Each structure stands twice: as structure tokens, then as C-alpha cells.
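Heads up: the structure comes next, in C-alpha cells.
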Amino acid sequence: HRSDLLKGKRVLITAGPTQEALDPVRYLTNHSSGKMGYSLAQAALDMGAEVTLISGPVQLTAPKGVRFYPVTTAKEMFDAVCAHCDTADFIIKAAAVGDYRPLYVSEQKIKKGGERLHVEFVKNPDILAYLGEHKRPHQIICGFAMETQNLLENAQAKLENKHCDMIVANDLHTEGAGFQSDTNIATILDRSSRTPCPKMSKYALGVTILKHMLALRTQGEQ
Ligand code: PMT
């Protein structure tokens, strides 16, 4: 899908999971493969954008031509996003960020002991909410919502609470959607519309998302 639709635009994309260490050999993470975020990055490149990709640990190779910043933890992703968000026209948060991290990271491997192990967690920064609060004029911010129930209601709440322009809602329990697969099935929510996107490749969904952002930006300029 080659075009000049995003020529001169800077697009910042986050992808993949975050990892939070428990001790030197163990960590907490999630099932994100990075495919959605990397497909978006490729789509934005093909549409002529300057693309910055900030990614948690995944098995994929960054598309040729992106500025690539690998990170591990949610805090590192937050810092990398803060360092690059000011100049971005479009920001898309496809990453699956860990909401909590262990309060203490044990310096030594945690030894097997009693029947139960208690770990205390603290909240990670909410990167999307931060971006929404510090939005620049003309910036269009798109979050994702990964839900297991009440998809559209929960996505609508995220759109409002995190002050973003768009949310792409996908459901973990829908076949061919969400984590790992090459396809996704989603609904794009913005302040005035809901657009269902049937099953398509993550690349095709990436193009659709970017076109939607461009339309919002154009509306905002009129
Ligand atoms: O990587 P794949 O295997 O291709 O899978 C794609 C995907 C399922 C990971 C992707 O399509 C997706 O839904 N990503 C968002 C997953 C998620 O963390 O959703 P959430 O509903 O928990 O978070 C909502 C939004 O807030 C997301 O844009 C997330 O990036 C952001 N967030 C969440 C927590 C946090 N501390 N900071 C954030 O910025």
C-alpha cells in the first residue's frame, strides 16, 4: 500500500509487551507478539511517514527505515515515549503495557519455600493517559483497548478517561483477533463515531487506523 498520504508526518508507535522483573531469572509479561504495532509501523512507512517505533521484547525485526528504540519495562517505555512524543503528529499505543510491577525486585533468585508466595505490586505509569494530558495542538493520539468483556463500553471509557482521540478496541476471546494472530477484528471509536472493522490483516488494519487518524486531523484543521 504505497502512497504519499502521510508524507511529512511524524508517527510514533509503541508495540509489543513489557517485562517486569521479579528476580534475576523471572519476569511478568503478557502475550503480545508485537505484530499489530510492527504492522502499523510498516503501513505508516509505506504511506510516506517518518516513523519512530518503541518496542518491548519481541521476536520480530523492526521494519527497515524506522527509528527503533527497544525497551523492556513499562517505565523504560514511558521514558522513551516522553523523549519522542513532542514532535509526533500521530501517536499510536499498540503496546500491551503491564499495569503493575513488583514493588521489590529480589537481587537473588527467589528460593522455593512455603506453599504460597506473596508478591506486592505497584502501579506503573499510564503512558496513554500521560500523552492525553500533555497532548500538543494538532496531535492525534490513538490507544488500543484489549478487553475480555463489555468491549465497546470499556473502550469508550478508555477513550474518555485517557483523553485520546481514538481507541481501537479488540477482544481477546474473538477468533482471529488480538494477541499473536496475523489478523485482527476491531472497532475504531472516536468522539463522534464507531467504525467496525471486519477481520483483516494487521497490516490492512494499520492502514485503516492511519487513514482514520488523518481524517480526524483534517477535520480538526477545518
Ligand atoms: O502484539 P500482538 O500480538 O499483535 O497483539 C496486539 C495487541 C492485542 C497487543 C494490540 O492490538 C492491543 O490491543 N494493544 C493494547 C493492549 C493493552 O494493553 O490494552 P489495555 O486495554 O490494557 O490498555 C489500553 C491502552 O492504554 C493501550 O493503548 C495501552 O498501550 C495503554 N496503556 C496501558 C497501560 C499503561 N500502563 N500504559 C499505557 O499506555
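The values are calculated or read from the model by the stated rules, or taken from the named source; none is laboratory data. What you see is a predicted model, and the numbers here were worked out from it, not measured in a lab. Methodologically, a virtual Cβ is constructed for each residue, glycine included, from the backbone with ideal geometry; neighbour enumeration extends over all protein chains shown.
Can you tell which of Tyr38, Tyr27 is surrounded by 24 or more Cβ atoms within 10 Å (Cβ to Cβ) and touching a Ser or Thr at 6+ places or on another chain (Cβ under 9 Å)? I'd like the intermediate steps shown before the answer.
On the way: Tyr27 fails: surrounded by 24 or more Cβ atoms within 10 Å (Cβ to Cβ).
The match here is Tyr38.
Does the stretch 42-61 include one or more residues that are surrounded by fewer than 18 Cβ atoms within 10 Å (Cβ to Cβ), outside any strand (DSSP E or B) and either in contact with a Leu (Cβ under 9 Å, 6 or more places away or on another chain) or of a type in the set (Lys, Arg) (or both)?
Scanning the stretch 42-61 turns up at least one residue that is surrounded by fewer than 18 Cβ atoms within 10 Å (Cβ to Cβ), outside any strand (DSSP E or B) and either in contact with a Leu (Cβ under 9 Å, 6 or more places away or on another chain) or of a type in the set (Lys, Arg) (or both).
Name the residues in the stretch 8-41 that are assigned to a loop (DSSP other than H, G, I, E, B) and of a type in the set (A, V, I, L, M, F, W, C), would you?
Of everything in the stretch 8-41, just one residue is assigned to a loop (DSSP other than H, G, I, E, B) and of a type in the set (A, V, I, L, M, F, W, C), namely Val25.
For the stretch 178-196, enumerate the residues that are in contact (Cβ under 8 Å) with a residue 24 or more places away in the chain and of a type in the set (A, V, I, L, M, F, W, C).
If the condition is that a residue be in contact (Cβ under 8 Å) with a residue 24 or more places away in the chain and of a type in the set (A, V, I, L, M, F, W, C), then Phe179, Ile188, Leu189 are the ones that fit.
Consider the stretch 165-177. How many of its residues are under 16 Å from Ser193 (Cβ atoms) and without any contact (Cβ under 8 Å) to a residue 40 or more places away in the chain?
In the first step, residues of the stretch 165-177 are kept if they are under 16 Å from Ser193 (Cβ atoms); the result is 165-169.
Filter again for without any contact (Cβ under 8 Å) to a residue 40 or more places away in the chain, leaving 167, 169.
So the count comes out to 2.
Looking only at the stretch 15-24, decide whether some residue is in contact with a helix residue (DSSP H, G or I) (Cβ under 8 Å, 6 or more places away or on another chain), under 21 Å from Pro125 (Cβ atoms), hydrophobic (A, V, I, L, M, F, W, C) and in contact (Cβ under 8 Å) with a residue 60 or more places away in the chain. Spell out the reasoning first.
From the stretch 15-24, those in contact with a helix residue (DSSP H, G or I) (Cβ under 8 Å, 6 or more places away or on another chain) are 15-16, 18, 20; that's our starting set.
Those still in the list that are under 21 Å from Pro125 (Cβ atoms) too: 15-16, 18, 20.
Right, trim to hydrophobic (A, V, I, L, M, F, W, C) and you get 15.
From the residues that got through so far, the ones that are in contact (Cβ under 8 Å) with a residue 60 or more places away in the chain too are 15.
Yes; the residues of the stretch 15-24 include at least one that is in contact with a helix residue (DSSP H, G or I) (Cβ under 8 Å, 6 or more places away or on another chain), under 21 Å from Pro125 (Cβ atoms), hydrophobic (A, V, I, L, M, F, W, C) and in contact (Cβ under 8 Å) with a residue 60 or more places away in the chain.
List pairs: first in the stretch 129-154 and more than 17 Å from Asn30 (Cβ to Cβ), second more than 7 Å from the ligand (Cβ to nearest atom) and aromatic (Phe, Trp, Tyr), Cβ under 6 Å, 6+ apart or cross-chain?
Close Cβ pairs satisfying both conditions: Ile140/Phe90.
Of the residues Arg2, Arg67, which single one is within 17 Å of the chain's Cα centre (by Cα), over 30 Å from Phe121 (Cβ atoms), surrounded by fewer than 20 Cβ atoms within 10 Å (Cβ to Cβ) and more than 15 Å from the ligand (Cβ to nearest atom)?
When all the criteria are applied, what remains is Arg67.
Here are the criteria: (1) within 8 Å of the ligand (Cβ to nearest atom); (2) buried (at least 21 other Cβ atoms within 10 Å of the Cβ). Tell me which single one Leu189 does not satisfy.
(1)
Mind checking whether some residue in the stretch 100-121 is surrounded by fewer than 13 Cβ atoms within 10 Å (Cβ to Cβ), within 14 Å of the ligand (Cβ to nearest atom) and in a strand (DSSP E or B)?
No.
Go through Ala129, Ala177, Ala169, Ala155 for me and flag whichever is touching a Ser or Thr at 6+ places or on another chain (Cβ under 8 Å) and assigned to a helix (DSSP H, G or I). It would help to see each step written out before you state the result.
Numbers: Ala129 fails: touching a Ser or Thr at 6+ places or on another chain (Cβ under 8 Å); Ala177 fails: assigned to a helix (DSSP H, G or I); Ala169 fails: assigned to a helix (DSSP H, G or I).
The conditions single out Ala155.
Hey, can you tell me all the residues within the stretch 193-222 that are part of a loop (DSSP other than H, G, I, E, B) and modelled with pLDDT of 95 or more?
Passing the criteria: only Ser193.
Got at least one residue in the stretch 84-94 being of a type in the set (Ser, Thr, Tyr), within 16 Å of the ligand (Cβ to nearest atom) and within 23 Å of His138 (Cβ to Cβ)?
The answer is no, given that none of the residues of the stretch 84-94 is of a type in the set (Ser, Thr, Tyr), within 16 Å of the ligand (Cβ to nearest atom) and within 23 Å of His138 (Cβ to Cβ).
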